[in-house]
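To keep things clear, I will list the structure first and then write my remarks on it.
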Amino acid sequence: MSSTLPTVAVVGAGPGLGRAIARRFGAAGHPVALISRNAEKLAGLADALAAEGVTARAYPADVTDAKGLSGALEAAAAELGRIGVLSYSPAPTFPSEGGQVPDLKALGFTPAAETTPESVQPMIDMLVGGALTAAAAVLPGMREAGDGALLFTTGTTALAPIPGMSNSGIALAGLRSWARGLHEDLAQEGVWVGHLSIGLPIVPGSGDGDPDALAERWYQLAQARDGFETTVGI
């Protein structure tokens, strides 16, 4: 029997924060649609959540493929029920070991003086384009129901520059600006838009940066729907 609670779509569902968000909302009774590009890892994540009693299904899609992402969200709504919460948080994978310094250039980041249109475009496609596509896919149902929540997770560069990460900063600052406008546009329609900017490593057992702690924060924010922006470690 399907849940009476709306479906939560986790776009950018990985083993860290994405899994934690899926687990937290799933534990509250929401069906969960898991979306990321690696079908094998996604299936394993869905199985692990199912073993914990969460209704979770995998819908592989690349956020930079607008048709594929829209199709995945439509399929999820058809199978699990109306999507009432969208969590959007795809990002490059950082090392999870405490004290390990990531190779920013290897992850596709560029310092300000070396940022080019070519280096910015992949960040725009992943961080902004995918968010626009996902929102467009779920908003009609939310607006019709007069209820919904869009949860956008970013990092410090959405708010302030970080040396070596200027191309992502351009994208995330743009995402934040658009999400703020969307928050205001939809405020009277029962659809809440929230932004959580995380300025510390997401590492299990690290206090505020623990994935489960961040997921709990998102869950509480989505319940309260008070204000637009929350920061952690900034």
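The values are calculated or read from the model by the stated rules, or taken from the named source; none is laboratory data. Worth saying up front: this structure is predicted, and the values here are computed from it rather than measured. Because the Cβ atoms are built from the backbone with ideal geometry, glycine has one as well, and the counts that use them run over all protein chains shown. All accessible areas refer to the heavy atoms of the entire protein, side chains included, with ligands and DNA or RNA removed. Shrake-Rupley method; radii C 1.70, N 1.55, O 1.52, S 1.80 Å.
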Tell me the per residue accessible area of the chain using a 1.4 Å probe; a whole number in Å² is fine. 46
For region 157-162, Karplus couplings with θ = phi - 60° (6.51, -1.76, 1.60), whole Hz, Gly/Pro x: 5, 5, 10, 8, x, 10
Placed amide H near Ala149: partners under 5 Å, 5+ positions off or other chain: Val85, Leu86, Trp192
Principal axes first, then extents: for the Cα atoms of the chain, list largest minus smallest coordinate on each axis, whole Å, largest first. 55, 38, 33
Once you have the Cα-Cα distance between Ala187 and Ile234, take 0.36 nm times their residue separation minus that, and quote the gain in nm to one decimal. 14.3 nm
I need the helices of the chain that pass two filters: whole DSSP H segments spanning 27 Å or more by Cα along the axis, and mean Kyte-Doolittle score no lower than -1.0. 166-186
Considering every pair of different Cα atoms, what Kirkwood radius, in Å, is found for region 101-163? 14.2
Phe109 neighbourhood, Cβ < 14 Å, K/R = +1, D/E = -1, net charge -2
Per-residue HN-Hα couplings for region 107-113 [Karplus 6.51, -1.76, 1.60; θ = phi - 60°; Hz; x = Gly/Pro]: 8, x, 8, 9, x, 4, 5
Expected unfolding gain across Thr116-Glu144 under the 0.36 nm per residue rule, minus the alpha-carbon gap, is 6.0 nm
With n ≥ 4 as the cut-off for DSSP H runs, can you work out [θ] at 222 nm for the chain, using -39500 (n - 2.57) per run divided by the number of residues, rounded to the nearest 500? -13500 deg cm²/dmol
Nonlocal amide H pairs with Val32, under 5 Å, H built at 1.01 Å: Val8, Thr55, Ala56, Arg57
Quotient of C-alpha Rg and 2.2 N^0.38 Å, computed over region 128-167: 1.60
